[in-house]
1. How many residues does region 828-863 contain that are among the β-branched types (Val, Ile, Thr), surrounded by 22 or more Cβ atoms within 10 Å (Cβ to Cβ) and not in a loop (DSSP other than H, G, I, E, B)?
2. Between Gly417, Gly425, Gly355, which is more than 16 Å from ligand 2 (Cβ to nearest atom), at positive phi, touching a residue at least 24 places away in the same chain (Cβ under 8 Å) and of a type outside the set (Phe, Trp, Tyr)?
3. Which ones in region 62-93 are part of a loop (DSSP other than H, G, I, E, B) and under 35 Å from the mean Cα position of the chain (by Cα)?
4. Being among the small types (Gly, Ala, Ser) and open to solvent by 10 Å² or more (accessible area, probe 1.4 Å) narrows it down to one of Ser327, Ser262, so name that one.
5. Does any residue of region 312-320 turn out to be assigned to a loop (DSSP other than H, G, I, E, B), closer than 28 Å to Ala352 by Cα and touching a residue at least 24 places away in the same chain (Cβ under 8 Å)?
6. Residues that are touching a Pro at 6+ places or on another chain (Cβ under 6 Å), over 20 Å from Val412 (Cβ atoms) and at pLDDT 90 or above: does region 74-90 have at least one?
7. Would you say Met669 is more than 32 Å from the chain's Cα centre (by Cα), surrounded by 23 or more Cβ atoms within 10 Å (Cβ to Cβ) and either free of Cβ contacts under 8 Å to residues at least 60 places away in the same chain or more than 30 Å from Ser392 (Cα to Cα) (or both)?
8. Inside region 214-279, counting only strands (runs of 3 or more DSSP E) that do not spill past its ends, which hold 2 or more residues that are among the hydrophobic types (A, V, I, L, M, F, W, C)?
Amino acid sequence: MFSKTYLHNFSISLIHLDRERKMSLGFLVPLLLSLAALVFVHGQLQTGYISIDCGSPENFNYIDYDTGISYASDGAYIDTGINKNISSKYAYPNNPNLALPLSDLRSFPYGNKNCYTLAPTGGRKGSLYLIRASFLYGNYDGEDKLPEFDLYLDVNLWSVVKFRNASNVVTTEIISAAVSDTVSVCLVNKGLGTPFISALELRPLNSSVYSTEFGSTASLVLFKRLDIGYVNGTGRYSSDDIYDRIWSPYNSASWDMVSTSSAINSNENGYKAPLQVICTAAMPHNASDPLELSWTSDEDTSKFYVYMYFAEVQQLEKNQTRKFNISWNGSLMFGPLAPRYLYAATISNSEAFIGKEHRISIYRTRDATLPPILNAIEIYMAKQLEELPTFSEDADAVLDIKRTYQVNKSWVGDPCGPKNYSWEGLKCNYSVSLPPRIISVNLTSRGLSGMISASFGNLSSMESLDLSKNHLTGPVPEFLKELKFLKFLNLEGNRLSGYVPTELVVRARAGLLNLRVDEQNRCGSGSCKNKKKIVVPVVASVLSALVLSVALIMLYRLRRKRKSEADSSNGEGRPLPSKKRKFTYAEVLNITKNFQDVIGKGGFGTVYRGDMKDGTQVAVKILSPSSTQGSKEFKTEAELLMRVHHGNLVSFIGYCDDGSNMALIYEYMANGNLKDYLSYRSSNSLSWEMRLRIAIDAAQGLEYLHHGCKPPIIHRDVKTANILLSENMDAKIADFGLSRDFPSDDQSHVDFPSDGQSHVETTVMGTRGYLDPEYYSSRRLNEKSDVYSFGVVLLELITGQHAIIRKDESMHIIQWVSPLIERGDIGSIVDQRLHGEFDVNSVWKALDVAMASTTPSSVHRAAMSSVLTELKQCLDMELSHNRERTQGFSEEIYVGSYNSTEMSSISTVTEPITIPFAR
Ligand SMILES: *[C@@H]1O[C@H](CO)[C@@H](O)[C@H](O)[C@H]1NC(C)=O
Ligand SMILES: *[C@@H]1O[C@H](CO)[C@@H](O)[C@H](O)[C@H]1NC(C)=O
Ligand SMILES: *[C@@H]1O[C@H](CO)[C@@H](O)[C@H](O)[C@H]1NC(C)=O
């Protein structure tokens, strides 16, 4: 018989490395050579694995005889910490079952944060990994005192590590998508004892498995992984489980075990449970009893994901049926399910189970004769990644500084994160939804030598820089003057040459900068007499520039406050960049035939239809002299339009700017804007499929602005009126007047005067109903604001309602739709003009996307790229639904699991599934 024990013994008989030999290095070389062939065999499974035996002697690499996994010592992954052995009381041979990697550990008595940096081969940002950390205290320090510390994956808390006793092995696993090419595992000292770690393992996962509704913005921490119906297993089947999971054998007294010796087909099941796990199952003694599992969590906000494995292991007779439903806390989660003979399937919830008490019940349907079964189950707790890594330009700059000066071994992991555990000598500014910024660098007395690295100049939010008492040479760099927020600069005690940039001297004299430099670098003192003549006029001109810009800023504010006044078109100085597509005013008159045909009016002025010489139809937007938005926005739009090119952005043909007249010329969009189209056109002219295509087009345009442009661009005024439709109903995003590059030097406060009564003005920067509430309150701009607005557009497409619904009272579309979603009342949600002609699952999914895009907190909103992916899936669902309809199938064939369930193998569905529309 094909059993687990057999496979396990098979491993043992091949590998003869035992614990005593691990201790004696002399055996190692020949041993490793003799095991080379075996490594090759295992190599197929271990592709991309990282297995670190923390604390083992340097360059000590070996194969663990229990698992066949090859472990490496940790030198290549970390520079800090010290190696220790656990005390002999807890080690082999006193503890004969101790896993080999746990006999030693690395301990971190110095520094608050110590990190392993893992760089998986072929790993990329977004790759999915299972990471496992193991800890065994074993009184390694002779103090007999159990420490407690925090474990972080990059900048987010993974687990609090606590021990029951010195022989307690704590193992924690997390599944997470990488936020960069490398992954940092950090141990943080909370003052409750010295952190340490015994083993660290990383396994690449196929990105199609273990997905959650949060996408890559949440990780899954393992809660339980049970091999149901088997009690003698070792739990780890490294030669068969490509993901090297550890399965705890589990059975209940009220269950019977069943198993098969035949192979089980897992080809279509991405979860790839090892054969030894999936070939055994349990069922209740009494066929009419449910098979139940329950658990409790500490917090009532805990979010759980459950992955249940099913495969029929008994050959059923003709008169036998096994069919069952699965419920969570009494409400149906999935069913009915009839597992297919010798085929593996995995069922999971696509929406988290939230709460303290959880009970999964698997119970047979009325027409079934056999009890339900369960082969295996994994339960994970979702952790949303609320902390963001350091702003990438800042992180790159300090990494470069670290490399240049070989500063500090403890500069590992993220420079600012986890929050309040920034690198020694750095200070960071943390905000709610934006990445942390580095605001202070203190490298005093660190023995730095060489020139001042240009990377300091890239820390654009820096307020304080202390490089005093080092051996720095070379000139005082000019780029320091670019640091707009610098309030403190200390270069004393170095051997720098040249003078401090005049701009800094000016700022210091104005009391804006606390500047400390050595005598020889100080301008204006005796030593730079010869330069004085040049310096004075420069100072003067800088001062006058300052005065001028202050005057300009005041003028600008004044203008904003009195919007009715005429706009001073040459007030904001930036010239338009390109001359190539410049038209004269006479040409504009010609193109528009003296402004005959008005096709729209906006904040800027009027839009006219026109014809180019070659017959191309165009739309011409003329800035009206009384424009409330003014030439700045007009120029912003022209500049952006020149830079961006995408099939889903309205294409730009040219502009006119002769000082007194300004015009923008774009392609003509024959079907006008989506707002009008949705409000006025005849009833069913926009099918669900067309609505989805419009949403996808618009999403593609935004996705390009956010992810395809450098620097990325936030549109800031996404709404149905700004989505234009071509003759063929292709949708394109228009109106870039409010758009901005981001992130910029000063993400906040730019457009908002900071006096208290400015709320009326702030609404100018977007449109009511579409405006991200978080942006509104925090005034912090990020691309998720566009995602919010897009979510509102999507709701309008689904419901046919306006963003602000005016009935007796005004109501926002989200307020209107939320209770209907809760009731599952799809009939009242969907635009009546669709006459019920749509795939229900596709609409529900689109609703989910819309609601996920409009969550109040921007960190919980998906990126435009994942919104786009989801919408494409909605379209696929609708298309295959249409195909079925046109091929004459009954619509009832497969309703599927539209809400809280997901099947990774639909081959087990033997019958129509009908689930009430409750959510
Ligand atoms: C741990 O024990 C092994 C075997 O006795 C020894 O070679 C190694 O040096 C010890 N490590 C430490 C840090 O004491
Ligand atoms: C240590 O804790 C583990 C886990 O709770 C337990 O199984 C074990 O019996 C304990 N050992 C001792 C010596 O108390
Ligand atoms: C930099 O750190 C040193 C001590 O490490 C301290 O004396 C000095 O004041 C710090 N500089 C700033 C600007 O905080």
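The values are calculated or read from the model by the stated rules, or taken from the named source; none is laboratory data. It should be emphasised that the depicted structure is a prediction, and the values quoted were computed from it without experimental measurement. Heads up, the Cβs are rebuilt from the backbone with ideal geometry, glycines too, and the neighbour counts pull from every protein chain shown. Just so you know, the surface numbers come from the protein's heavy atoms only, side chains and all, with ligands and any DNA or RNA stripped out. Shrake-Rupley method; radii C 1.70, N 1.55, O 1.52, S 1.80 Å.
1. At the first step, the residues of region 828-863 found to be among the β-branched types (Val, Ile, Thr) are 829-830, 840, 843, 849, 854-855, 859.
Now restrict to residues that are surrounded by 22 or more Cβ atoms within 10 Å (Cβ to Cβ): 830, 843, 849, 854.
Then drop every residue that is not not in a loop (DSSP other than H, G, I, E, B), which leaves 843, 849.
So the count comes out to 2.
2. Working: Gly417 fails: at positive phi; Gly425 fails: touching a residue at least 24 places away in the same chain (Cβ under 8 Å).
None of the other options fit; the residue is Gly355.
3. Those that are part of a loop (DSSP other than H, G, I, E, B) and under 35 Å from the mean Cα position of the chain (by Cα): Thr67, Gly68, Ile69, Ser73, Tyr77, Ile78, Asp79, Thr80, Gly81.
4. Working: Ser327 fails: open to solvent by 10 Å² or more (accessible area, probe 1.4 Å).
Result: Ser262 is the single residue among Ser327, Ser262 that is among the small types (Gly, Ala, Ser) and open to solvent by 10 Å² or more (accessible area, probe 1.4 Å).
5. To start, the set of residues in region 312-320 that are assigned to a loop (DSSP other than H, G, I, E, B) comprises 313-320.
Those left that are additionally closer than 28 Å to Ala352 by Cα: none.
No, region 312-320 has no match at all.
6. Within region 74-90, the first condition is being touching a Pro at 6+ places or on another chain (Cβ under 6 Å), and the residues that meet it are none.
Checked against the condition, which is being touching a Pro at 6+ places or on another chain (Cβ under 6 Å), over 20 Å from Val412 (Cβ atoms) and at pLDDT 90 or above, region 74-90 yields no hits at all.
7. On the way: more than 32 Å from the chain's Cα centre (by Cα): yes; surrounded by 23 or more Cβ atoms within 10 Å (Cβ to Cβ): no; either free of Cβ contacts under 8 Å to residues at least 60 places away in the same chain or more than 30 Å from Ser392 (Cα to Cα) (or both): yes.
No: the conditions fail for Met669.
8. Numbers: elements: 218-228, 248-250, 255-259.
The strands (runs of 3 or more DSSP E) meeting that bar are 218-228, 255-259.
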